[in-house]
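Report on one structure; see the data block that follows.
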Amino acid sequence: MKYSKLTARDLEFIKGVVGSERISTGESVLDLHAKDESTHPKRRPDVVVWPISAEEISQIIKMANGRRIPVTPWGAGTSLEGNPIPVEGGIVFDLQKMNHVLELREEDLQVRVETGIIYKELNRYLSRYGLFFPPDPGAAATIGGMVANNASGVRTIKYGATKDFILNMLVVLPSGEIIRTGTNAIKSSSGYDLCRLFVGSEGTLGLVTEVTLRLIGLPAEFMAAVVQFNDIRDATNTVSQIMRTGLSPAALELLDSQTVQVVNRYKKLSLEERPTLFMEFHGTSVSSLREELKIVKEICAEHRHVHFDSGIGREERNRLWEARYDVHESIKANNPGLFPLYIDTAVPISKYPDMVEWGQRMVAERGLKGYAFGHAGSGNLHMEILGVPDDKDQWQKVEEAGEQVVSFALKCGGTATGEHGVGIGKKKFMKREHGESLHLMKQIKDLLDPNGIMNPGKIFE
Ligand SMILES: Cc1cc2nc3c(=O)[nH]c(=O)nc-3n(C[C@H](O)[C@H](O)[C@H](O)COP(=O)(O)OP(=O)(O)OC[C@H]3O[C@@H](n4cnc5c(N)ncnc54)[C@H](O)[C@@H]3O)c2cc1C
(Lines give C-alpha, C1' and ligand atoms only; values in the text may rest on other atoms or scores of the structure.)
Protein backbone atom coordinates (compact mmCIF):
# COMPACT_ATOMS: atom_id res chain seq x y z
CA MET A 1 0.00 0.00 0.00
CA LYS A 2 1.37 3.45 -0.90
CA TYR A 3 0.74 6.24 1.58
CA SER A 4 1.00 10.02 1.22
CA LYS A 5 3.22 12.15 3.38
CA LEU A 6 1.45 14.61 5.67
CA THR A 7 1.86 18.12 4.25
CA ALA A 8 1.69 21.60 5.80
CA ARG A 9 -1.74 21.91 4.20
CA ASP A 10 -2.95 18.72 5.94
CA LEU A 11 -1.67 20.09 9.26
CA GLU A 12 -3.58 23.33 8.65
CA PHE A 13 -6.71 21.29 7.96
CA ILE A 14 -6.31 19.37 11.25
CA LYS A 15 -5.69 22.62 13.15
CA GLY A 16 -8.86 23.99 11.61
CA VAL A 17 -10.76 21.07 13.18
CA VAL A 18 -9.19 20.81 16.66
CA GLY A 19 -7.45 24.19 17.08
CA SER A 20 -3.71 24.59 17.61
CA GLU A 21 -3.76 23.49 21.28
CA ARG A 22 -4.67 19.85 20.65
CA ILE A 23 -2.16 18.96 17.97
CA SER A 24 1.60 18.47 18.22
CA THR A 25 4.58 17.76 16.00
CA GLY A 26 7.03 18.27 18.88
CA GLU A 27 9.90 15.76 19.04
CA SER A 28 9.20 14.54 22.58
CA VAL A 29 5.50 14.04 21.84
CA LEU A 30 6.28 12.11 18.65
CA ASP A 31 8.82 10.00 20.58
CA LEU A 32 6.25 9.17 23.25
CA HIS A 33 3.91 7.87 20.56
CA ALA A 34 6.61 5.92 18.69
CA LYS A 35 6.67 2.85 20.93
CA ASP A 36 4.60 0.74 23.26
CA GLU A 37 5.88 -1.58 26.04
CA SER A 38 7.28 -4.12 23.58
CA THR A 39 10.74 -4.37 22.01
CA HIS A 40 9.41 -3.79 18.48
CA PRO A 41 11.27 -1.01 16.65
CA LYS A 42 10.11 2.53 17.31
CA ARG A 43 8.46 4.58 14.59
CA ARG A 44 7.34 8.16 15.06
CA PRO A 45 4.03 9.45 13.73
CA ASP A 46 4.06 12.75 11.80
CA VAL A 47 1.54 14.36 14.10
CA VAL A 48 -0.33 13.60 17.32
CA VAL A 49 -3.89 14.86 17.73
CA TRP A 50 -5.96 14.89 20.93
CA PRO A 51 -9.60 14.86 19.79
CA ILE A 52 -12.56 15.53 22.08
CA SER A 53 -15.42 14.22 19.95
CA ALA A 54 -16.35 11.62 17.35
CA GLU A 55 -17.20 14.48 14.99
CA GLU A 56 -13.65 15.87 15.12
CA ILE A 57 -12.22 12.41 14.50
CA SER A 58 -14.65 11.86 11.64
CA GLN A 59 -13.62 15.05 9.82
CA ILE A 60 -9.91 14.26 10.12
CA ILE A 61 -10.25 10.58 9.18
CA LYS A 62 -12.30 11.54 6.14
CA MET A 63 -9.50 13.86 5.01
CA ALA A 64 -6.85 11.20 5.77
CA ASN A 65 -8.78 8.59 3.80
CA GLY A 66 -9.04 10.86 0.77
CA ARG A 67 -5.34 11.67 0.98
CA ARG A 68 -4.19 8.08 1.87
CA ILE A 69 -2.58 9.16 5.14
CA PRO A 70 -2.21 6.44 7.83
CA VAL A 71 -4.21 6.86 11.05
CA THR A 72 -3.44 5.04 14.30
CA PRO A 73 -5.60 5.18 17.45
CA TRP A 74 -3.68 5.47 20.73
CA GLY A 75 -4.93 4.57 24.22
CA ALA A 76 -2.18 4.45 26.86
CA GLY A 77 0.50 2.69 24.77
CA THR A 78 0.79 -0.26 27.20
CA SER A 79 0.53 -2.94 24.50
CA LEU A 80 3.12 -5.72 24.34
CA GLU A 81 3.02 -6.57 20.62
CA GLY A 82 3.63 -3.21 18.93
CA ASN A 83 -0.15 -2.79 18.42
CA PRO A 84 -0.24 1.06 18.54
CA ILE A 85 3.16 1.74 16.90
CA PRO A 86 2.45 3.91 13.82
CA VAL A 87 4.71 1.88 11.56
CA GLU A 88 3.84 3.97 8.49
CA GLY A 89 3.89 7.32 10.31
CA GLY A 90 0.90 9.60 9.67
CA ILE A 91 -1.66 10.71 12.25
CA VAL A 92 -1.93 9.32 15.79
CA PHE A 93 -5.18 10.02 17.62
CA ASP A 94 -4.43 10.04 21.36
CA LEU A 95 -7.76 9.50 23.16
CA GLN A 96 -6.49 10.85 26.50
CA LYS A 97 -8.96 13.76 26.58
CA MET A 98 -11.97 11.60 25.77
CA ASN A 99 -12.05 10.13 29.26
CA HIS A 100 -15.52 10.87 30.59
CA VAL A 101 -18.22 8.72 32.09
CA LEU A 102 -21.21 9.71 29.94
CA GLU A 103 -24.02 7.81 31.62
CA LEU A 104 -24.31 5.43 34.57
CA ARG A 105 -27.40 3.21 34.40
CA GLU A 106 -27.07 1.89 37.93
CA GLU A 107 -30.36 -0.02 37.85
CA ASP A 108 -29.34 -1.78 34.61
CA LEU A 109 -25.72 -2.39 35.73
CA GLN A 110 -24.40 -0.51 32.70
CA VAL A 111 -22.11 2.42 32.06
CA ARG A 112 -21.48 4.44 28.88
CA VAL A 113 -17.98 5.88 28.66
CA GLU A 114 -15.64 7.62 26.29
CA THR A 115 -12.90 5.19 25.35
CA GLY A 116 -9.94 7.24 26.61
CA ILE A 117 -10.88 6.55 30.24
CA ILE A 118 -8.35 4.46 32.19
CA TYR A 119 -10.07 1.29 33.41
CA LYS A 120 -8.70 1.65 36.96
CA GLU A 121 -10.22 5.13 37.17
CA LEU A 122 -13.48 3.77 35.85
CA ASN A 123 -13.47 1.08 38.53
CA ARG A 124 -12.68 3.64 41.22
CA TYR A 125 -15.74 5.61 40.10
CA LEU A 126 -17.94 2.50 39.89
CA SER A 127 -16.94 1.24 43.34
CA ARG A 128 -18.95 4.12 44.86
CA TYR A 129 -22.03 2.41 43.46
CA GLY A 130 -20.97 -1.11 44.47
CA LEU A 131 -20.20 -2.02 40.85
CA PHE A 132 -17.15 -2.98 38.79
CA PHE A 133 -15.90 -3.79 35.30
CA PRO A 134 -14.01 -7.07 35.87
CA PRO A 135 -11.44 -7.50 33.02
CA ASP A 136 -8.18 -6.39 34.60
CA PRO A 137 -5.09 -6.20 32.38
CA GLY A 138 -2.91 -4.98 35.25
CA ALA A 139 -1.33 -2.11 33.31
CA ALA A 140 -2.84 1.40 33.24
CA ALA A 141 -4.77 0.69 30.05
CA THR A 142 -7.67 2.65 28.54
CA ILE A 143 -11.04 1.13 27.83
CA GLY A 144 -10.44 1.82 24.10
CA GLY A 145 -7.15 -0.11 24.16
CA MET A 146 -8.84 -2.94 26.05
CA VAL A 147 -11.67 -3.11 23.52
CA ALA A 148 -9.28 -2.97 20.58
CA ASN A 149 -7.01 -5.72 22.00
CA ASN A 150 -9.86 -7.68 23.62
CA ALA A 151 -7.88 -7.48 26.83
CA SER A 152 -8.48 -9.80 29.74
CA GLY A 153 -6.58 -10.73 32.86
CA VAL A 154 -6.61 -12.27 36.30
CA ARG A 155 -10.43 -12.25 36.73
CA THR A 156 -11.32 -13.49 33.24
CA ILE A 157 -11.54 -17.03 34.52
CA LYS A 158 -14.74 -16.15 36.43
CA TYR A 159 -16.18 -13.12 34.67
CA GLY A 160 -14.92 -13.17 31.07
CA ALA A 161 -12.84 -11.00 28.74
CA THR A 162 -13.56 -7.46 27.48
CA LYS A 163 -15.63 -8.86 24.61
CA ASP A 164 -18.13 -10.27 27.11
CA PHE A 165 -18.93 -6.82 28.51
CA ILE A 166 -19.58 -4.72 25.40
CA LEU A 167 -23.24 -3.91 24.79
CA ASN A 168 -22.94 -1.17 22.21
CA MET A 169 -20.39 1.23 20.78
CA LEU A 170 -19.91 4.31 18.66
CA VAL A 171 -17.32 3.87 15.91
CA VAL A 172 -15.80 6.24 13.38
CA LEU A 173 -15.19 4.22 10.23
CA PRO A 174 -12.23 4.88 7.90
CA SER A 175 -14.64 6.67 5.55
CA GLY A 176 -15.46 9.13 8.33
CA GLU A 177 -18.96 7.70 8.80
CA ILE A 178 -20.03 7.42 12.46
CA ILE A 179 -22.03 4.30 13.34
CA ARG A 180 -23.58 2.87 16.50
CA THR A 181 -23.59 -0.93 16.91
CA GLY A 182 -25.43 -3.02 19.50
CA THR A 183 -28.19 -2.13 21.99
CA ASN A 184 -28.68 -1.89 25.77
CA ALA A 185 -30.19 -5.39 25.95
CA ILE A 186 -27.87 -7.93 27.54
CA LYS A 187 -28.89 -10.48 24.91
CA SER A 188 -29.82 -10.15 21.27
CA SER A 189 -30.08 -12.43 18.24
CA SER A 190 -30.48 -9.58 15.82
CA GLY A 191 -28.18 -9.93 12.83
CA TYR A 192 -24.40 -9.98 12.69
CA ASP A 193 -22.66 -9.03 15.93
CA LEU A 194 -20.77 -5.95 14.77
CA CYS A 195 -19.60 -5.08 18.29
CA ARG A 196 -17.63 -8.34 18.31
CA LEU A 197 -16.16 -7.43 14.94
CA PHE A 198 -14.60 -4.26 16.31
CA VAL A 199 -13.51 -5.90 19.58
CA GLY A 200 -10.00 -7.25 19.04
CA SER A 201 -9.59 -5.42 15.71
CA GLU A 202 -6.67 -3.37 17.12
CA GLY A 203 -7.81 -0.13 15.52
CA THR A 204 -7.55 -1.59 12.01
CA LEU A 205 -11.27 -1.27 11.18
CA GLY A 206 -12.25 2.01 12.84
CA LEU A 207 -11.84 4.16 15.89
CA VAL A 208 -14.15 3.38 18.82
CA THR A 209 -15.10 6.60 20.61
CA GLU A 210 -17.76 5.37 23.04
CA VAL A 211 -18.79 2.05 24.60
CA THR A 212 -21.55 0.87 26.88
CA LEU A 213 -20.25 -1.77 29.26
CA ARG A 214 -22.13 -4.37 31.24
CA LEU A 215 -21.12 -4.29 34.92
CA ILE A 216 -20.97 -6.69 37.86
CA GLY A 217 -21.85 -6.08 41.51
CA LEU A 218 -18.78 -5.95 43.77
CA PRO A 219 -18.38 -9.27 45.60
CA ALA A 220 -19.44 -9.31 49.24
CA GLU A 221 -16.69 -11.62 50.50
CA PHE A 222 -13.17 -12.54 49.38
CA MET A 223 -11.01 -15.57 50.05
CA ALA A 224 -7.44 -15.96 48.85
CA ALA A 225 -4.72 -18.59 48.99
CA VAL A 226 -1.06 -18.86 48.05
CA VAL A 227 0.04 -22.43 47.47
CA GLN A 228 3.55 -23.67 46.75
CA PHE A 229 4.83 -26.88 45.21
CA ASN A 230 8.18 -28.56 44.69
CA ASP A 231 7.40 -29.40 41.10
CA ILE A 232 5.76 -27.14 38.52
CA ARG A 233 3.86 -30.13 37.13
CA ASP A 234 2.13 -30.56 40.51
CA ALA A 235 1.13 -26.89 40.41
CA THR A 236 -0.28 -27.03 36.87
CA ASN A 237 -2.08 -30.34 37.51
CA THR A 238 -3.69 -28.68 40.53
CA VAL A 239 -4.96 -25.92 38.24
CA SER A 240 -6.63 -28.30 35.81
CA GLN A 241 -8.16 -30.32 38.64
CA ILE A 242 -9.58 -27.22 40.36
CA MET A 243 -11.19 -26.19 37.08
CA ARG A 244 -12.60 -29.67 36.42
CA THR A 245 -14.04 -29.94 39.94
CA GLY A 246 -16.56 -27.20 39.19
CA LEU A 247 -15.09 -24.69 41.65
CA SER A 248 -15.34 -21.12 40.42
CA PRO A 249 -12.14 -19.24 41.24
CA ALA A 250 -12.16 -15.50 40.54
CA ALA A 251 -8.45 -15.77 39.80
CA LEU A 252 -5.98 -18.64 39.52
CA GLU A 253 -2.47 -17.54 38.65
CA LEU A 254 0.86 -19.34 38.26
CA LEU A 255 4.40 -18.06 38.87
CA ASP A 256 7.36 -20.37 38.23
CA SER A 257 10.21 -20.39 40.76
CA GLN A 258 12.43 -18.04 38.69
CA THR A 259 9.60 -15.50 38.63
CA VAL A 260 9.05 -15.79 42.38
CA GLN A 261 12.78 -15.20 42.84
CA VAL A 262 12.82 -11.88 40.92
CA VAL A 263 9.62 -10.68 42.58
CA ASN A 264 11.13 -11.45 45.99
CA ARG A 265 14.20 -9.38 45.16
CA TYR A 266 12.33 -6.49 43.57
CA LYS A 267 9.70 -6.21 46.29
CA LYS A 268 11.82 -7.35 49.22
CA LEU A 269 9.51 -10.27 49.97
CA SER A 270 10.43 -13.64 51.41
CA LEU A 271 8.27 -16.14 49.56
CA GLU A 272 9.85 -19.58 49.14
CA GLU A 273 11.27 -19.72 45.62
CA ARG A 274 9.11 -22.52 44.28
CA PRO A 275 6.33 -22.88 41.68
CA THR A 276 3.45 -20.94 43.22
CA LEU A 277 -0.30 -20.60 42.66
CA PHE A 278 -2.24 -17.51 43.63
CA MET A 279 -5.96 -18.06 44.07
CA GLU A 280 -8.91 -15.82 44.74
CA PHE A 281 -12.55 -16.73 45.35
CA HIS A 282 -15.56 -14.41 45.56
CA GLY A 283 -18.75 -15.29 47.42
CA THR A 284 -21.84 -14.04 49.15
CA SER A 285 -20.91 -15.47 52.59
CA VAL A 286 -17.84 -16.47 54.57
CA SER A 287 -19.32 -19.92 55.22
CA SER A 288 -19.63 -20.72 51.48
CA LEU A 289 -16.04 -19.56 50.94
CA ARG A 290 -14.84 -21.79 53.82
CA GLU A 291 -16.47 -24.75 52.08
CA GLU A 292 -14.62 -23.92 48.83
CA LEU A 293 -11.36 -23.46 50.73
CA LYS A 294 -11.71 -26.96 52.20
CA ILE A 295 -12.05 -28.52 48.76
CA VAL A 296 -9.17 -26.45 47.35
CA LYS A 297 -6.94 -27.58 50.22
CA GLU A 298 -7.77 -31.23 49.58
CA ILE A 299 -6.94 -30.89 45.88
CA CYS A 300 -3.63 -29.16 46.65
CA ALA A 301 -2.75 -31.89 49.16
CA GLU A 302 -3.43 -34.57 46.53
CA HIS A 303 -0.82 -32.79 44.40
CA ARG A 304 1.77 -32.66 47.21
CA HIS A 305 1.77 -28.96 48.00
CA VAL A 306 4.53 -27.93 50.40
CA HIS A 307 3.12 -24.65 51.63
CA PHE A 308 -0.47 -23.38 51.93
CA ASP A 309 -1.35 -19.91 53.19
CA SER A 310 -4.92 -18.66 53.04
CA GLY A 311 -7.13 -15.92 54.39
CA ILE A 312 -10.61 -14.49 54.24
CA GLY A 313 -11.48 -10.83 53.67
CA ARG A 314 -10.23 -8.11 51.34
CA GLU A 315 -7.20 -7.19 53.45
CA GLU A 316 -6.04 -10.79 53.69
CA ARG A 317 -6.46 -11.08 49.95
CA ASN A 318 -4.31 -8.01 49.36
CA ARG A 319 -1.62 -9.31 51.73
CA LEU A 320 -1.47 -12.72 50.08
CA TRP A 321 -1.47 -11.32 46.55
CA GLU A 322 1.32 -8.78 47.08
CA ALA A 323 3.81 -10.99 45.22
CA ARG A 324 1.60 -11.44 42.13
CA TYR A 325 1.88 -7.81 41.07
CA ASP A 326 4.77 -6.07 39.30
CA VAL A 327 6.06 -9.28 37.68
CA HIS A 328 7.03 -7.44 34.51
CA GLU A 329 8.87 -4.70 36.47
CA SER A 330 10.58 -7.32 38.66
CA ILE A 331 11.93 -9.16 35.61
CA LYS A 332 13.11 -5.90 34.05
CA ALA A 333 14.80 -4.64 37.22
CA ASN A 334 16.62 -7.94 37.78
CA ASN A 335 17.92 -8.19 34.21
CA PRO A 336 19.45 -4.89 33.16
CA GLY A 337 20.58 -4.89 29.51
CA LEU A 338 18.32 -7.80 28.55
CA PHE A 339 15.05 -7.44 26.61
CA PRO A 340 12.01 -9.74 26.54
CA LEU A 341 10.23 -11.55 23.78
CA TYR A 342 6.66 -11.88 25.07
CA ILE A 343 4.74 -15.12 24.86
CA ASP A 344 0.97 -15.11 25.44
CA THR A 345 -0.31 -18.53 24.38
CA ALA A 346 -3.58 -19.96 25.60
CA VAL A 347 -4.55 -23.63 25.39
CA PRO A 348 -7.41 -25.86 26.54
CA ILE A 349 -7.02 -26.38 30.29
CA SER A 350 -6.14 -30.11 30.01
CA LYS A 351 -3.09 -29.15 27.90
CA TYR A 352 -1.84 -26.47 30.28
CA PRO A 353 0.61 -28.66 32.25
CA ASP A 354 2.27 -29.82 28.99
CA MET A 355 2.28 -26.27 27.63
CA VAL A 356 4.16 -24.89 30.65
CA GLU A 357 6.65 -27.75 30.71
CA TRP A 358 7.31 -27.39 26.97
CA GLY A 359 7.81 -23.62 27.31
CA GLN A 360 10.38 -24.04 30.06
CA ARG A 361 12.16 -26.78 28.10
CA MET A 362 12.45 -24.65 24.94
CA VAL A 363 14.16 -21.91 26.94
CA ALA A 364 16.46 -24.22 28.92
CA GLU A 365 17.56 -26.23 25.84
CA ARG A 366 18.86 -23.03 24.23
CA GLY A 367 20.67 -21.87 27.36
CA LEU A 368 18.41 -18.79 27.58
CA LYS A 369 16.94 -16.95 30.51
CA GLY A 370 13.16 -17.11 30.71
CA TYR A 371 10.26 -16.63 33.10
CA ALA A 372 6.93 -18.46 32.99
CA PHE A 373 3.79 -17.17 34.67
CA GLY A 374 0.22 -16.40 33.70
CA HIS A 375 -3.50 -16.69 34.07
CA ALA A 376 -3.32 -20.45 34.57
CA GLY A 377 -7.04 -20.98 35.22
CA SER A 378 -7.79 -19.62 31.74
CA GLY A 379 -5.06 -21.78 30.17
CA ASN A 380 -3.07 -18.60 29.44
CA LEU A 381 0.74 -18.88 29.65
CA HIS A 382 2.91 -15.78 29.63
CA MET A 383 6.63 -16.11 29.16
CA GLU A 384 9.31 -13.49 28.93
CA ILE A 385 12.28 -14.94 27.07
CA LEU A 386 15.27 -12.65 27.46
CA GLY A 387 18.10 -11.66 25.16
CA VAL A 388 19.81 -8.76 23.41
CA PRO A 389 18.15 -7.99 20.05
CA ASP A 390 21.47 -6.64 18.67
CA ASP A 391 23.19 -9.95 19.41
CA LYS A 392 21.95 -11.69 16.25
CA ASP A 393 22.87 -15.25 17.26
CA GLN A 394 21.36 -14.96 20.69
CA TRP A 395 18.19 -13.21 19.50
CA GLN A 396 17.71 -15.90 16.85
CA LYS A 397 17.67 -18.45 19.69
CA VAL A 398 15.14 -16.32 21.58
CA GLU A 399 12.90 -16.19 18.51
CA GLU A 400 13.34 -19.93 17.86
CA ALA A 401 12.26 -20.69 21.43
CA GLY A 402 9.26 -18.36 21.04
CA GLU A 403 8.33 -19.98 17.73
CA GLN A 404 8.48 -23.44 19.32
CA VAL A 405 6.29 -22.40 22.25
CA VAL A 406 3.61 -20.87 20.01
CA SER A 407 3.72 -23.82 17.59
CA PHE A 408 3.07 -26.16 20.49
CA ALA A 409 0.06 -24.09 21.58
CA LEU A 410 -1.35 -24.17 18.05
CA LYS A 411 -0.87 -27.94 17.88
CA CYS A 412 -2.88 -28.24 21.12
CA GLY A 413 -5.79 -26.33 19.56
CA GLY A 414 -4.73 -23.12 21.28
CA THR A 415 -3.90 -19.60 20.19
CA ALA A 416 -0.77 -17.50 19.63
CA THR A 417 -2.27 -14.71 21.71
CA GLY A 418 -4.66 -15.09 24.61
CA GLU A 419 -4.97 -11.39 25.36
CA HIS A 420 -2.17 -9.14 24.03
CA GLY A 421 -3.40 -9.14 20.43
CA VAL A 422 -1.55 -9.80 17.18
CA GLY A 423 0.07 -6.40 16.64
CA ILE A 424 3.36 -6.84 14.82
CA GLY A 425 4.81 -9.73 16.81
CA LYS A 426 2.22 -12.45 16.23
CA LYS A 427 1.35 -11.73 12.56
CA LYS A 428 3.48 -14.63 11.39
CA PHE A 429 1.24 -17.14 13.20
CA MET A 430 -2.07 -15.90 11.78
CA LYS A 431 -2.17 -18.19 8.74
CA ARG A 432 -1.38 -21.25 10.84
CA GLU A 433 -3.95 -20.35 13.48
CA HIS A 434 -6.81 -19.31 11.20
CA GLY A 435 -6.19 -21.21 7.95
CA GLU A 436 -8.63 -20.24 5.21
CA SER A 437 -10.65 -17.92 7.46
CA LEU A 438 -7.73 -15.46 7.48
CA HIS A 439 -8.70 -14.67 3.91
CA LEU A 440 -12.19 -13.70 5.09
CA MET A 441 -10.69 -11.46 7.78
CA LYS A 442 -8.66 -9.71 5.08
CA GLN A 443 -11.79 -9.23 2.95
CA ILE A 444 -13.56 -7.62 5.91
CA LYS A 445 -10.58 -5.30 6.38
CA ASP A 446 -10.63 -4.38 2.65
CA LEU A 447 -14.37 -3.78 2.75
CA LEU A 448 -14.25 -1.38 5.69
CA ASP A 449 -10.86 0.17 4.93
CA PRO A 450 -10.20 -0.15 1.17
CA ASN A 451 -7.31 2.35 1.33
CA GLY A 452 -5.69 0.56 4.28
CA ILE A 453 -5.29 3.75 6.33
CA MET A 454 -6.31 2.36 9.75
CA ASN A 455 -3.33 1.19 11.80
CA PRO A 456 -1.44 -0.30 8.84
CA GLY A 457 1.11 -3.08 9.34
CA LYS A 458 -0.84 -4.88 12.07
CA ILE A 459 -2.60 -8.26 12.20
CA PHE A 460 -1.87 -9.12 8.52
CA GLU A 461 1.59 -9.87 7.11
C1 LIG B 1 2.97 -4.80 32.79
C2 LIG B 1 1.92 -5.13 31.78
C3 LIG B 1 0.99 -6.12 32.06
C4 LIG B 1 -0.02 -6.42 31.15
N5 LIG B 1 -0.92 -7.38 31.46
C6 LIG B 1 -1.95 -7.64 30.62
C7 LIG B 1 -2.96 -8.58 30.97
O8 LIG B 1 -2.95 -9.20 32.02
N9 LIG B 1 -3.98 -8.75 30.10
C10 LIG B 1 -4.06 -8.06 28.92
O11 LIG B 1 -5.03 -8.24 28.18
N12 LIG B 1 -3.10 -7.19 28.56
C13 LIG B 1 -2.06 -6.95 29.37
N14 LIG B 1 -1.11 -6.03 29.02
C15 LIG B 1 -1.17 -5.40 27.68
C16 LIG B 1 -1.96 -4.07 27.58
O17 LIG B 1 -2.02 -3.40 28.84
C18 LIG B 1 -3.38 -4.30 27.07
O19 LIG B 1 -3.36 -4.88 25.78
C20 LIG B 1 -4.24 -3.04 27.00
O21 LIG B 1 -5.55 -3.38 26.62
C22 LIG B 1 -3.72 -1.96 26.07
O23 LIG B 1 -4.45 -0.76 26.34
P24 LIG B 1 -3.88 0.67 25.99
O25 LIG B 1 -4.89 1.67 26.41
O26 LIG B 1 -2.52 0.84 26.52
O27 LIG B 1 -3.89 0.60 24.40
P28 LIG B 1 -2.72 0.94 23.37
O29 LIG B 1 -1.54 0.09 23.65
O30 LIG B 1 -2.53 2.39 23.29
O31 LIG B 1 -3.42 0.44 22.03
C32 LIG B 1 -3.76 -0.90 21.85
C33 LIG B 1 -4.41 -1.11 20.48
O34 LIG B 1 -5.69 -0.54 20.50
C35 LIG B 1 -5.85 0.43 19.48
N36 LIG B 1 -6.73 1.43 20.07
C37 LIG B 1 -6.55 2.16 21.19
N38 LIG B 1 -7.62 2.90 21.45
C39 LIG B 1 -8.52 2.64 20.47
C40 LIG B 1 -9.83 3.10 20.18
N41 LIG B 1 -10.45 3.99 20.95
N42 LIG B 1 -10.46 2.64 19.07
C43 LIG B 1 -9.85 1.73 18.26
N44 LIG B 1 -8.62 1.26 18.49
C45 LIG B 1 -7.97 1.70 19.59
C46 LIG B 1 -4.43 0.87 19.16
O47 LIG B 1 -4.32 1.36 17.83
C48 LIG B 1 -3.67 -0.43 19.34
O49 LIG B 1 -3.78 -1.24 18.19
C50 LIG B 1 -0.08 -5.71 29.91
C51 LIG B 1 0.84 -4.71 29.64
C52 LIG B 1 1.85 -4.42 30.55
C53 LIG B 1 2.82 -3.32 30.22
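Put simply, of Thr181, Thr162 the only residue that is within 12 Å of the ligand (Cβ to nearest atom) and among the polar types (S, T, N, Q) is Thr162.
Of the residues Leu95, Leu80, Leu32, Leu104, the single one that is under 18 Å from Ile216 (Cβ atoms) and either of a type in the set (Val, Ile, Thr) or modelled with pLDDT of 95 or more (or both) is Leu104. Restricting attention to the stretch 316-371, the residues that are among the basic types (Lys, Arg), modelled with pLDDT under 95 and buried (at least 16 other Cβ atoms within 10 Å of the Cβ) add up to 2. Selection of the stretch 91-113 for residues being touching an Asp or Glu at 6+ places or on another chain (Cβ under 8 Å) and assigned to a helix (DSSP H, G or I) yields only Leu95.
Given the structure, is Ile216 at pLDDT 95 or above, away from the ligand (no atom under 12 Å from the Cβ) and either closer than 30 Å to Lys294 by Cα or surrounded by 20 or more Cβ atoms within 10 Å (Cβ to Cβ) (or both)?
Details: at pLDDT 95 or above: yes; away from the ligand (no atom under 12 Å from the Cβ): yes; either closer than 30 Å to Lys294 by Cα or surrounded by 20 or more Cβ atoms within 10 Å (Cβ to Cβ) (or both): yes.
Yes: the conditions hold for Ile216.
Within the stretch 60-88, no residue satisfies the criterion of being under 29 Å from Glu329 (Cα atoms), more than 9 Å from the ligand (Cβ to nearest atom) and surrounded by 24 or more Cβ atoms within 10 Å (Cβ to Cβ). Among what's in the stretch 89-113 and is crowded, with 20+ Cβ neighbours inside 10 Å and more than 9 Å from the ligand (Cβ to nearest atom), pick the residue that is farthest from Leu341 (Cα to Cα). This residue is Val111. Of all the numbered requirements in (1) assigned to a helix (DSSP H, G or I); (2) over 27 Å from Tyr159 (Cα atoms); (3) touching a residue at least 40 places away in the same chain (Cβ under 8 Å), Cys300 misses one, and that requirement is (2). Per the conditions (1) more than 8 Å from the ligand (Cβ to nearest atom); (2) over 18 Å from Arg112 (Cα atoms), the sole criterion not satisfied by Ala140 is (1).
Yes/no matrix, rows are residues, columns are (1) assigned to a helix (DSSP H, G or I); (2) buried (at least 24 other Cβ atoms within 10 Å of the Cβ); (3) modelled with pLDDT of 95 or more:
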position: Thr204; (1), (2), (3): no, yes, yes
position: Arg233; (1), (2), (3): yes, no, yes
position: Met243; (1), (2), (3): yes, no, no
position: Ser248; (1), (2), (3): no, no, no
position: Glu253; (1), (2), (3): no, yes, yes
position: Val262; (1), (2), (3): yes, no, yes
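In the stretch 57-81, the residues that are more than 13 Å from Gly423 (Cα to Cα) and part of a strand (DSSP E or B) reach residues that are away from the ligand (no atom under 14 Å from the Cβ) and among the polar types (S, T, N, Q) with C-beta atoms within less than 9 angstrom, at least six apart or across chains, in these pairs: Val71/Asn65. Against the test of being assigned to a helix (DSSP H, G or I), near the ligand (Cβ under 8 Å from one of its atoms) and either in contact with an Asp or Glu (Cβ under 9 Å, 6 or more places away or on another chain) or farther than 19 Å from Ala251 by Cβ (or both), the options Val147, Val154, Val208 yield a single qualifying residue, Val147.
The values are calculated or read from the model by the stated rules, or taken from the named source; none is laboratory data. Values in this document were obtained by computation on a predicted structure and should not be read as measured data. All Cβ positions, even for glycine, are placed from backbone atoms using ideal geometry, and neighbour counts span all protein chains on display.
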